[in-house]
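A.B. asks: Questions regarding the structure given below will be posed in turn.
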Number of protein chains: 6
Amino acid sequence: MMKILIINPNTSEEMTRGIDTMAKTYARPDTEIETVCSREGPRSLETVYENELAGHFVLERVIEGNEKKVDAIVIACYADPSLRSAKEISEVPVFGIAESSMHLACILGHKFSIVTVIDRVRPNLELMIRQLGLESRCASIRATPLSVLDLQKDPSLTRKTLTEEARAAVRDDGAEVICLGCTGMAGHDKTMEKELGVPVLDGVVCAVKMAEGVFDYKLKHSKVNAFAKPAPKEWVGLGRFAVVD
Amino acid sequence: MMKILIINPNTSEEMTRGIDTMAKTYARPDTEIETVCSREGPRSLETVYENELAGHFVLERVIEGNEKKVDAIVIACYADPSLRSAKEISEVPVFGIAESSMHLACILGHKFSIVTVIDRVRPNLELMIRQLGLESRCASIRATPLSVLDLQKDPSLTRKTLTEEARAAVRDDGAEVICLGCTGMAGHDKTMEKELGVPVLDGVVCAVKMAEGVFDYKLKHSKVNAFAKPAPKEWVGLGRFAVVD
Amino acid sequence: MMKILIINPNTSEEMTRGIDTMAKTYARPDTEIETVCSREGPRSLETVYENELAGHFVLERVIEGNEKKVDAIVIACYADPSLRSAKEISEVPVFGIAESSMHLACILGHKFSIVTVIDRVRPNLELMIRQLGLESRCASIRATPLSVLDLQKDPSLTRKTLTEEARAAVRDDGAEVICLGCTGMAGHDKTMEKELGVPVLDGVVCAVKMAEGVFDYKLKHSKVNAFAKPAPKEWVGLGRFAVVD
Amino acid sequence: MMKILIINPNTSEEMTRGIDTMAKTYARPDTEIETVCSREGPRSLETVYENELAGHFVLERVIEGNEKKVDAIVIACYADPSLRSAKEISEVPVFGIAESSMHLACILGHKFSIVTVIDRVRPNLELMIRQLGLESRCASIRATPLSVLDLQKDPSLTRKTLTEEARAAVRDDGAEVICLGCTGMAGHDKTMEKELGVPVLDGVVCAVKMAEGVFDYKLKHSKVNAFAKPAPKEWVGLGRFAVVD
Amino acid sequence: MMKILIINPNTSEEMTRGIDTMAKTYARPDTEIETVCSREGPRSLETVYENELAGHFVLERVIEGNEKKVDAIVIACYADPSLRSAKEISEVPVFGIAESSMHLACILGHKFSIVTVIDRVRPNLELMIRQLGLESRCASIRATPLSVLDLQKDPSLTRKTLTEEARAAVRDDGAEVICLGCTGMAGHDKTMEKELGVPVLDGVVCAVKMAEGVFDYKLKHSKVNAFAKPAPKEWVGLGRFAVVD
Amino acid sequence: MMKILIINPNTSEEMTRGIDTMAKTYARPDTEIETVCSREGPRSLETVYENELAGHFVLERVIEGNEKKVDAIVIACYADPSLRSAKEISEVPVFGIAESSMHLACILGHKFSIVTVIDRVRPNLELMIRQLGLESRCASIRATPLSVLDLQKDPSLTRKTLTEEARAAVRDDGAEVICLGCTGMAGHDKTMEKELGVPVLDGVVCAVKMAEGVFDYKLKHSKVNAFAKPAPKEWVGLGRFAVVD
C-alpha cells in the first residue's frame, strides 16, 4: 500500500481532475492517489516564464508531500517543471511525466514521437530531450494549432487533431510509439491507440507506474550529487522555503 | 493477476535460481513468475558468439511463452541477447534487463555506471548504450577481474569487489546510480546500496517492474515497424522457427 | 551611450559589489552600469532549488529593467538562472554570463575549461553545456573544495586554489581558455591570466561586452519562437507577474 | 595468391550466384573466390529474427573456413549478420559488406546514402550506422517497395526503382555516393553509376577489395579485446560450436 | 582607440568596399578600420581549392598586420579561410566572420540558419559547423541559386531571394536568427531584419564587435596549444613565410 | 596495371624515401609507385600554417599527376593536408593516409588509437576525426615528446617510445588497432605489431591498398557536389592554378 501525491503545476481544476482520473484508472488497487494543483499561477503552462513562476507553488506542494510522508510525488506537466529542484529538496522520489513516458517509450519501440500543443513549446521540448540524452530515440515533435486551454474546448476536434498528427509521425517520421505531450490530452490515449495501432502513452500513467515499481523495489532517487539536499546557508526572506541550520 | 516468463539465456541452473529469487522477492503478490533457462548453450554468456548461439534457445522459449499466453517475457542476461528478434516474433511484450535498468537508472539519478564482469564485455556494453542512445547518461562501465562463473564462487569476495568498483564509479566518474551488469550478481543489490548510499539496480527486478507497469496500463510493445512480425516466406529447415504461410 | 542593468540573482551584497566593479572596469566609458541583487533568496546559489526560488526576484528585476527602458540586461550568476524565462518576458536583450563567456572562449581557443566551486554544481553545468551544444568545446569542468561563500573568505587561498585547478586543466585536459565559474571569483581573472599564460574569462565582463556589441549593431534577441512573449491568459494571483489581457 | 570464402547467410541459390559473379568480376586474377550459402534458414533476410536464426549456419561456414585455412571471409548480406561473433571465433579476418562499403563510401564522397529494400529494414540499418559511428556521413536511407525476393523478379523494374531512389538521394539529401543495400541488387551498380554520375557501391566487391588489401599488408583483424576468441567453458550441447578445453 | 585590419580573402574590389562599409557603419567611433584584399587569387571563393590558394595571400596580410601592430584582424569570408593558420602565426587576435556570427547567433536565439550562395558550399559549411560543435544550434543551411558574383548583379533580386530563403528557414526549420553566409550580401541585413522580424547577422559586423570587446577586456587569443606559434625549423623557399631560427 | 603518384607534402627527402619504401613493399607487383615531395615548404608539417603553405606545392603535384594521367594520388602526411582541395581539382581519385588508415582501422577492431608526435598536433587530429565522424571509434590520441624531425634521429628510441604509448593505448584506452600518426614512423609498423599483438597501420600502405581496390572496381571519387571541379571564374595571378574559361 503506497501513497502518491500528484502535483498539477498549473491552476486549472479541470486539468487537475483529468490527471486524477487518469492516475486512478491505471493505479493499482492498493495505491492511494491524491492530486493537487498549484495555489497560484497561470491556468496553463506553455513558456519557461510560466513554468518558473509556477515553480514556487510546485515546490510548496513537494515540501508538503514530504511532510505528509507520501511515498512518491509526480509532477504532472509535460515540461517537467521544477523536476530537478524537487528532486533536490525531496527525500521522497519525484517523477516527471515527460521523463517517465519517454523512457518507457524507448522500451516499447525503436523511436517515439511527441504530439503536443502549439509550436511555441517545441524549443523547450528539444532541450528536455537533449538533457535526457534521447535525441536519437525521438522521431519527431509534432505540434498542433491547439493551445493547452484549447484542448478541452472540443474534445472530438482535439482527438481528431492529435490522431492526425500522430498518424503522420508514424507514417513519415518513423515513430513507433506516441507520447501525449500535455496533461490536457487526458483520456485520448486508448482511443488513439486503437485507431493508430501503436502504443499511445499518457505521461501521468507512466509516472504512476514508475513510482509503483520504484516503491516495490524499495528504491529512492539518488541523493548523492545532482539531487543532494541543498546545504543550509543564510537566506533573506522566502520563509519556509529557506534551508537554514 | 499476470504471468511473466523469465528466460535465462545461459544454461546455469544456479543463475536461473538466483534470477527467480530476485524476481519473486520484488514481484507483486499477484504476479506469477516462471523462470526457465536455455536448453542448450554455454554455462555463461560473455561474447557475442555465445549470445548468438544461445539465441535459438532463447527464441524457442519466447515462442513457447507466446503459445502459453504469458503476459510478459523477460530476457535475463545483461547483454540483452536476442531482445530485438524476440520483440519481432513475440506478440507478448518482451523486456531486456539491461534496457530496463538503464532507463530506470536515468529516472533515479543524473548518471549511472554499470559494474560488470571481465573487461571483455565492455565493447558490447558500449555498443548497447549507443543503441539505446544513453551515452550522455552513462558515467562509466567498470569491469572487474571476475568472470560470470567466478561471481558465485566466493560471494563475499564478489560483493567486496563489486562494491569497490561501484564506490570508485561514484567517487571518480560521477555515477549516482549503479547498475549490476550480470545476473550472477543477484542478491548483492541491497547490501551494496546500504554501503554506498546510492540506488543499486538488479536488472531482473527492473524488468519485472516495467512488465507489471506495462501490463497494468494495458500496453504492448509496438508492432508497426522495427518489431513487426516477420513476413511469411520460404524457409529451408529450421522447423518450428520458420515463418511460412 | 547605453545603459546595462546587471542582476545578481543571489542576495550577497559583497558579490554584488564585486560584479559591479568588474563590469565598470571593462565597460566602455559611455556605458552606464547599474548592478542590483535579488530582494529575497539565498546568499549564494549552488542548487537548482535555490536558482528557482531566486527566479521570482530575478524576473522582478527583469520587469523593472524593461519598465526603466534599459538597453540590456545581464544575469550575473554562472548557472544562468532564469535566463530563458527572462528572454521570454523581456523586450530588452538579456545576456547570461555563462553563455557569453563560453561562446567567447570558443573564439579565443580550441577548448575551454570551467573552474568552479564545489562538485555539487557539476551536473547542472554539464546540462547547461549540453543545452548550449558545446560539449565538444569544453575540455573539462574543474571543481574545487570551495563553496561560493568560501570564495571571499581568504582571497589569496582562493586565487591559489583556482590557479592550481586551471593549471591542471591546461596541462592535463587540453584547455586553452579558462572560464571562471562563479561571480564570487571576481577580480582574479588578470592575475591568473598572467600566471597561466592563457586567457581567463570573467563572465560578467564577457556579457557586458556582448551587450555593448549587440547594442552597437542595433540588434535585439529574437522574439519569434523560443523567446516570444508569453500570451495573455487567465492567472491566479502572482500579481504583476501575471500576463493577462 | 589468396583465397576468400564468401558466405551468403540466406539460402537463395540465385542470390549466391549473383554474389559470386560480382566478387569474381572485380577480384584480382590471383584471388580465388568460393561462395557458399547457409545450409538452413530463410530464403532472404529482412528481420533480426531471420538474421539470428541464420546465424548458426553462418558461424558453421566461418568455422569451416578457418578449418580450410582460407585467407579471408566475407559475410555477404547488408545487415552484416553474425559479423561480430564471426570476428570473435575466427582467426581469419572477416569482412562485412555493409561496413566495408560504408567506410569506402566515406573515402569517395562527403556523404553516402543507402538504397535498400522495404521500409522494415530501416531501424536495423540506423542501428548499424550508429554502431559504426557514421551518423554524420550518412545522408539518408532510402527504402523502396521491393522486398529482397522481389528484386530479382523484374530486373529492369528493379533497376528503375533503385535508380529513382538514388537520384532523389543525390538531389534532395546531399548524397554523393550510393551504397546498394542488398546483395539481391547485384549487377546494377555500374549501370546506375552511369545514369547517376556518382559512385555506386556493391558491398560484396567492397569487402573483397578490403580483404585483398588487408591480405597484401599482412594484417589480420584485432584479437585483443572485442574480438578475442571466446574462452573455453562448460557448454550444454551445441556440438562443434562449443568452445571447451 | 583600436585598429582593426580586415582582410577580404578574394580579389574583388567591390566586395572589399562592401565589407569596409559594413565594418565602418557599426564600428565604434574610436575604432579605426582598414580593409584590404588578397593581392592574387580568384574573384570569389566558393571551393576549398580557391580558399587554399587564396591562403598565402591572406597569411601575407596577417603577417603585415602583425608588423603594423594592429589590434585585431578579421578574415572576411564566410568560409573562415586560413583562420586557424592565421591564429597560429599571429600574435594579434584573429576573428572569423562565420565563427563570430554563429556564436553571436546562439546568444540571440534558440537556433540559427545560414542563408548562403550556391549549394556547392554546403558541405564545407557543414564541416565548419561540426568543427565549431554547433550542430545542435544550426536549424538549416539554406542555399540559393546565386553564386557569390551573382549577388551584386541585381541587388533587389538578391534581397528578394535571400529574404525568401530566410523566411522559409524561420517558418519551416525553426530558425530564430539568420546568418548571412557571404560578404557579398553586405547591406541587406537591416532590410531583411525588418521584413522578417528576426535578427539578421552580417558576419563582418559581428567579428568587428567581438574584436572590440576582446580589445576592451585586454584579451588575446590563446597561444598555448592549438594556436601556438609554429616552431622554427628548416624551410625550403617560401621567403618571408618561413619560420626559421 | 596501375600507376599511383604519392605526394609527400613536406620537403624532407629522407621522409620521401621512407614513404616510397613503405608503398613499394606492400603495393601489388603490377602497381607502379612514384613518390615526390613538395618543391618548397618546411621540412616537416606540424601546424595548420605549415600545412597551408605547403598546400600550393601539393596542389601543383596533384595537377601534374592529372596531366600525367596517373590512376590515383596519395597525399602522404597524417594531417591529410589539401586533401579536400585536391579532390576538387583532381579527376583522378585522391587518398589521404589518415582517412584511409582510420577507416581501415574501424574494420579491423572495435576502436583505434593514433600514436603521434608532439602534443601540438592533437587539436588538428581531433578536428579531423570530427570531420570524419569517427569520434566514437577513436579510443585516444597518444602524443609523444618527439617532433616529426626527431623521429629519424634515433630509430630505436623512436620505436621504443611509440611502442610504449601504443601499449598504454591498448591497456588503458581500449585501443584494438594502432594508427601510426606520421610518415616519419615508416618501417616501425610490423615490429610494433609483433610486440603489441594488435594491428599497427602505416597510413601510406593503407592509402595504397585503398587506391588499388578503387582502381580494380573501376571507381573514381564522387565529383557531384563537395568535390565538383571549381567553376571557371576571373582570377588575379596564380598562373596555372587559376581555373578560367
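A.B. asks: Going by what's in this entry, would residue A:197 be described as surrounded by fewer than 24 Cβ atoms within 10 Å (Cβ to Cβ) and either at the interface with chain B (Cβ under 7 Å from one of its Cβ atoms) or over 17 Å from the mean Cα position of the chain (by Cα) (or both)? Let's see the steps before the verdict.
C.D. replies: On the way: surrounded by fewer than 24 Cβ atoms within 10 Å (Cβ to Cβ): yes; either at the interface with chain B (Cβ under 7 Å from one of its Cβ atoms) or over 17 Å from the mean Cα position of the chain (by Cα) (or both): yes.
Yes, satisfied.
A.B. asks: Just to be sure before I move on: is residue D:91 over 17 Å from residue D:44 (Cα atoms) and assigned to a loop (DSSP other than H, G, I, E, B) in the structure I sent?
C.D. replies: Details: over 17 Å from residue D:44 (Cα atoms): yes; assigned to a loop (DSSP other than H, G, I, E, B): yes.
The answer is yes for residue D:91.
A.B. asks: Looking at the stretch A:120-149 only, could you name the residues that are part of a helix (DSSP H, G or I), more than 16 Å from residue A:179 (Cα to Cα) and over 19 Å from the mean Cα position of the chain (by Cα)?
C.D. replies: Keep residues of the stretch A:120-149 that are part of a helix (DSSP H, G or I), which gives A:120-132, A:135-137, A:149.
Adding the requirement that they be more than 16 Å from residue A:179 (Cα to Cα) leaves A:120, A:123, A:127, A:130-131, A:149.
Listed by number, the list is empty, since nothing qualifies.
A.B. asks: Next up: Against the definition (outside any strand (DSSP E or B), out of contact with any strand residue (DSSP E or B) (no Cβ under 6 Å at 6 or more places or on another chain) and closer than 30 Å to residue B:61 by Cα), how does residue D:81 come out, yes or no? Step through it out loud before you land on a result.
C.D. replies: Details: outside any strand (DSSP E or B): yes; out of contact with any strand residue (DSSP E or B) (no Cβ under 6 Å at 6 or more places or on another chain): yes; closer than 30 Å to residue B:61 by Cα: yes.
In short, yes.
A.B. asks: I would also like to ask the following. Return a yes/no flag: does the stretch C:32-49 have any residue that is surrounded by fewer than 24 Cβ atoms within 10 Å (Cβ to Cβ), touching a residue at least 12 places away in the same chain (Cβ under 8 Å) and of a type in the set (A, V, I, L, M).
C.D. replies: Yes, the stretch C:32-49 contains at least one residue that is surrounded by fewer than 24 Cβ atoms within 10 Å (Cβ to Cβ), touching a residue at least 12 places away in the same chain (Cβ under 8 Å) and of a type in the set (A, V, I, L, M).
A.B. asks: Further question: Which of the residues that make up the stretch A:105-125 are more than 10 Å from chain B (Cβ to nearest Cβ), over 14 Å from residue A:185 (Cα atoms) and in contact (Cβ under 8 Å) with a residue 24 or more places away in the chain? Spell out the reasoning first.
C.D. replies: Of the residues in the stretch A:105-125, the ones more than 10 Å from chain B (Cβ to nearest Cβ) are A:113-125.
Imposing the further condition that a residue be over 14 Å from residue A:185 (Cα atoms) reduces the set to A:113, A:119-125.
Result: A:113, A:119, A:120, A:121, A:124, A:125.
A.B. asks: What are the residues in the stretch D:228-245 that are at the interface with another protein chain (Cβ under 7 Å from one of its Cβ atoms), among the hydrophobic types (A, V, I, L, M, F, W, C) and either in contact with a Cys (Cβ under 7 Å, 6 or more places away or on another chain) or part of a loop (DSSP other than H, G, I, E, B) (or both), if any? Give the steps one after another, and end with the answer.
C.D. replies: First, pick out the residues of the stretch D:228-245 that are at the interface with another protein chain (Cβ under 7 Å from one of its Cβ atoms): D:228, D:230, D:233-238, D:241.
Now restrict to residues that are among the hydrophobic types (A, V, I, L, M, F, W, C): D:228, D:235-236, D:238, D:241.
Correct list: D:228, D:238.
A.B. asks: Is it the case that residue E:98 is under 27 Å from residue A:125 (Cα atoms), touching a residue at least 40 places away in the same chain (Cβ under 8 Å), assigned to a helix (DSSP H, G or I) and within 14 Å of chain C (Cβ to nearest Cβ)? Quick ask: steps written out before the conclusion?
C.D. replies: Numbers: under 27 Å from residue A:125 (Cα atoms): no; touching a residue at least 40 places away in the same chain (Cβ under 8 Å): yes; assigned to a helix (DSSP H, G or I): yes; within 14 Å of chain C (Cβ to nearest Cβ): yes.
Against the criterion (under 27 Å from residue A:125 (Cα atoms), touching a residue at least 40 places away in the same chain (Cβ under 8 Å), assigned to a helix (DSSP H, G or I) and within 14 Å of chain C (Cβ to nearest Cβ)), residue E:98 does not qualify.
A.B. asks: Consider residue B:70 carefully, then state whether it is in a loop (DSSP other than H, G, I, E, B) and aliphatic (A, V, I, L, M).
C.D. replies: Values: in a loop (DSSP other than H, G, I, E, B): yes; aliphatic (A, V, I, L, M): yes.
In short, yes.
A.B. asks: Okay, moving on. So which residues in the stretch E:156-183 are touching a helix residue (DSSP H, G or I) at 6+ places or on another chain (Cβ under 6 Å) and within 11 Å of residue E:144 (Cα to Cα)?
C.D. replies: E:158, E:163, E:166
A.B. asks: Looking at the stretch A:21-53, which of the residues that are within 14 Å of the chain's Cα centre (by Cα) and closer than 26 Å to residue E:110 by Cβ is farthest from the other protein chains (Cβ to nearest Cβ)?
C.D. replies: In this case the residue turns out to be A:45.
A.B. asks: Let me ask something else. Can you tell which of E:5, E:53 is of a type in the set (A, V, I, L, M, F, W, C), modelled with pLDDT of 95 or more and part of a helix (DSSP H, G or I)?
C.D. replies: On the way: E:5 fails: part of a helix (DSSP H, G or I).
The conditions single out E:53.
A.B. asks: So residue C:92 fits all but one of (1) within 14 Å of the chain's Cα centre (by Cα); (2) within 14 Å of chain E (Cβ to nearest Cβ); (3) β-branched (Val, Ile, Thr); what number is the exception?
C.D. replies: (1)
A.B. asks: Enumerate the pairs (first residue in the stretch C:17-30 and touching a residue at least 60 places away in the same chain (Cβ under 8 Å); second residue anywhere and buried (at least 19 other Cβ atoms within 10 Å of the Cβ) and polar (S, T, N, Q)) with beta-carbon separation below 7 Å, excluding pairs fewer than 6 apart on the same chain, so at least 6 apart or on different chains.
C.D. replies: Once the first residue is touching a residue at least 60 places away in the same chain (Cβ under 8 Å) and sits in the stretch C:17-30, its partners that are buried (at least 19 other Cβ atoms within 10 Å of the Cβ) and polar (S, T, N, Q) give C:18/C:183; C:19/C:8; C:19/C:35; C:19/C:183; C:23/C:35.
A.B. asks: Out of (1) within 14 Å of chain D (Cβ to nearest Cβ); (2) touching a strand residue (DSSP E or B) at 6+ places or on another chain (Cβ under 6 Å); (3) closer than 18 Å to residue F:102 by Cα, the odd one out for residue F:214 is which?
C.D. replies: Failed condition: (2).
A.B. asks: Within the stretch D:190-227, work out how many residues are closer than 23 Å to residue B:49 by Cβ, of a type outside the set (Phe, Trp, Tyr) and not in a helix (DSSP H, G or I).
C.D. replies: So the count comes out to 8.
A.B. asks: Still on this structure, please answer the following. Considering only the stretch A:71-82, state which residues are on the phi < 0 side of the Ramachandran plot, buried (at least 24 other Cβ atoms within 10 Å of the Cβ) and not small (Gly, Ala, Ser).
C.D. replies: Within the stretch A:71-82, A:73, A:74, A:75, A:77, A:78, A:81 meet the criteria.
A.B. asks: Filter the stretch B:54-66 down to the residues that are more than 10 Å from chain D (Cβ to nearest Cβ) and either of a type outside the set (Gly, Ala, Ser) or under 17 Å from residue B:239 (Cα atoms) (or both) and list them by number. If you could, list the steps in order and put the result at the bottom.
C.D. replies: Quick first cut of the stretch B:54-66, residues more than 10 Å from chain D (Cβ to nearest Cβ) only: B:60-61, B:63-66.
The answer is B:60, B:61, B:63, B:64, B:66.
A.B. asks: Next question, about the same structure. Any idea which residue in the stretch B:168-179 is farthest from the other protein chains (Cβ to nearest Cβ), counting only those that are hydrophobic (A, V, I, L, M, F, W, C) and more than 17 Å from residue B:78 (Cα to Cα)? I'd like the intermediate steps shown before the answer.
C.D. replies: Narrowing the stretch B:168-179 to residues hydrophobic (A, V, I, L, M, F, W, C): B:168-170, B:175, B:177-179.
Imposing the further condition that a residue be more than 17 Å from residue B:78 (Cα to Cα) reduces the set to B:168-170, B:175.
Details: B:168: 14, B:169: 11, B:170: 6, B:175: 9 Å.
Looking at residues that are hydrophobic (A, V, I, L, M, F, W, C) and more than 17 Å from residue B:78 (Cα to Cα), I get B:168.
A.B. asks: Working only within the stretch E:201-218, note down all residues that are crowded, with 24+ Cβ neighbours inside 10 Å and of a type in the set (A, V, I, L, M).
C.D. replies: E:201, E:204, E:205, E:207, E:208, E:210, E:211
A.B. asks: Another question, if that's okay. State yes or no: is residue D:240 farther than 20 Å from residue D:14 by Cβ, surrounded by fewer than 21 Cβ atoms within 10 Å (Cβ to Cβ), modelled with pLDDT under 95 and not aliphatic (A, V, I, L, M)?
C.D. replies: Numbers: farther than 20 Å from residue D:14 by Cβ: yes; surrounded by fewer than 21 Cβ atoms within 10 Å (Cβ to Cβ): yes; modelled with pLDDT under 95: yes; not aliphatic (A, V, I, L, M): yes.
Yes.
A.B. asks: Residues that are surrounded by fewer than 23 Cβ atoms within 10 Å (Cβ to Cβ), closer than 26 Å to residue D:231 by Cα and touching a residue at least 60 places away in the same chain (Cβ under 8 Å): does the stretch B:126-145 have at least one?
C.D. replies: So far as the stretch B:126-145 goes, no, none of its residues is surrounded by fewer than 23 Cβ atoms within 10 Å (Cβ to Cβ), closer than 26 Å to residue D:231 by Cα and touching a residue at least 60 places away in the same chain (Cβ under 8 Å).
A.B. asks: Can you tell me which residues in the stretch A:180-192 are surrounded by 19 or more Cβ atoms within 10 Å (Cβ to Cβ) and facing another protein chain (nearest Cβ under 10 Å)?
C.D. replies: Here is the first cut: in the stretch A:180-192, the residues surrounded by 19 or more Cβ atoms within 10 Å (Cβ to Cβ) are A:180-186, A:188-189, A:192.
Within the stretch A:180-192, just A:189 meets the criteria.
A.B. asks: Of these, D:158, D:163, which one is away from chain F (no Cβ under 14 Å) and under 26 Å from residue D:42 (Cβ atoms)? Outline the logic, then answer.
C.D. replies: Numbers: D:163 fails: under 26 Å from residue D:42 (Cβ atoms).
Criteria check complete, one pass: D:158.
The values are calculated or read from the model by the stated rules, or taken from the named source; none is laboratory data. On a predicted model such as this, the values are computed, not experimentally measured, just so you know. Backbone-built Cβ (ideal geometry, glycine too); neighbour counts: all protein chains shown.
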